[in-house]
Amino acid sequence: MFGRKNITLLEIQGISFHQVGRETSFGADFLNGLTLGVAGTINSNEDDWALESVTLIANDIYSNTTFKHINKWLHAPSSHLDTVWSGQVLYTNWINSDKKPIDLNSQTYPVRWMPYIGDIMRWRSYDPSKIPGVGQLIGKLIGHQLSSGQSEKLESNTTTSSYTWVYTPEGSLIYRRWDKTNHAAYIRHSQLGSGRPVICAGEFKVIDHQLQSVISMVNDASGHYKPDGGACLRYVAEKFEALGISTEHTEWKWRDSAS
């Protein structure tokens, strides 16, 4: 299928199951080091079966948790080969054997040297859990405030506000609302990222659209990290999808992009 026996994790973008009658097969060739673990229940009287979960394991080191909760009944309606289920593999859901998200191809961005010196000279806190207003996205525009432990719904932005954010190698989207008319209260990306390298960083805006809140814009605007949004914003989009956050109405912007 791929023309070779070995591929990278980044190239595994989707899998599908095909079925003829009572026989079930996988819609991808078995590759060196790649196995599938499938959990399900078969109805002995029918061709139906319940697909509960799918686990991808690579080289006995990496596993992918994209499909850990499927819980869907499947069946082949005819004697022909039919696709009974397919799914997109999220690269950000690959984890090491120590259960931590893998470094995305080692493409992380450290705090730049001069901004780091500025942070130290101004005694800026690198502990986001002690900075008021800093939260972690945990669902559909729902955040968990790190300092208070309270949950909140992200409010829509005005023309003079946005949310600054970082995406950490541990798989967390850390954010803080920024009122651009009050520059003295601005919290740097390096503070959201605990002074450590991040996968990506920038700003996003939330607006009201057809009686619901949506993310209207995401960019890679971070002077402390200066990430390459053309390379790293794709992982942010996957994370939004994993959190159930639609990006249908989102404009993506990065340095040197045409948009």
Exercise for review: Among the numbered conditions (1) modelled with pLDDT under 60; (2) surrounded by fewer than 12 Cβ atoms within 10 Å (Cβ to Cβ), tell me where G33 comes up short.
Suggested key: (2)
Practice item. Output the residue which, of all residues in segment 225-259 that are among the small types (G, A, S) and not in a loop (DSSP other than H, G, I, E, B), is surrounded by the most Cβ atoms within 10 Å (Cβ to Cβ). Key: G229
Review point. Among the residues of segment 155-164, is there at least one that is among the β-branched types (V, I, T), under 19 Å from the mean Cα position of the chain (by Cα) and more than 18 Å from E251 (Cα to Cα)?
Key: no
Check your understanding: Does at least one position in segment 161-175 carry a residue that is among the small types (G, A, S) and not in a loop (DSSP other than H, G, I, E, B)?
Key -> yes
Exercise for review: State the number of residues belonging to segment 128-143 that are without any contact (Cβ under 8 Å) to a residue 24 or more places away in the chain and over 12 Å from R177 (Cα atoms).
Suggested key: 3
Exercise for review: Show the residue pairs that are 6+ apart or on different chains and have beta-carbon atoms under 6 Å apart, the first residue being within segment 153-175 and in the same structural domain as Q191 (by TED's automatic domain parsing), the second being basic (K, R) and at pLDDT 95 or above.
Suggested key: N157/K205; S162/K205; Y163/R177; T164/R176
Exercise for review: Considering every residue within segment 183-197, establish whether at least one is within 20 Å of V218 (Cβ to Cβ), of a type in the set (D, E, K, R) and assigned by TED's automatic domain parsing to the domain that holds K239.
Suggested key: yes
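The values are calculated or read from the model by the stated rules, or taken from the named source; none is laboratory data. What you see is a predicted model, and the numbers here were worked out from it, not measured in a lab. Neighbour counts run over all protein chains shown; Cβ positions are idealised from the backbone, glycine included.
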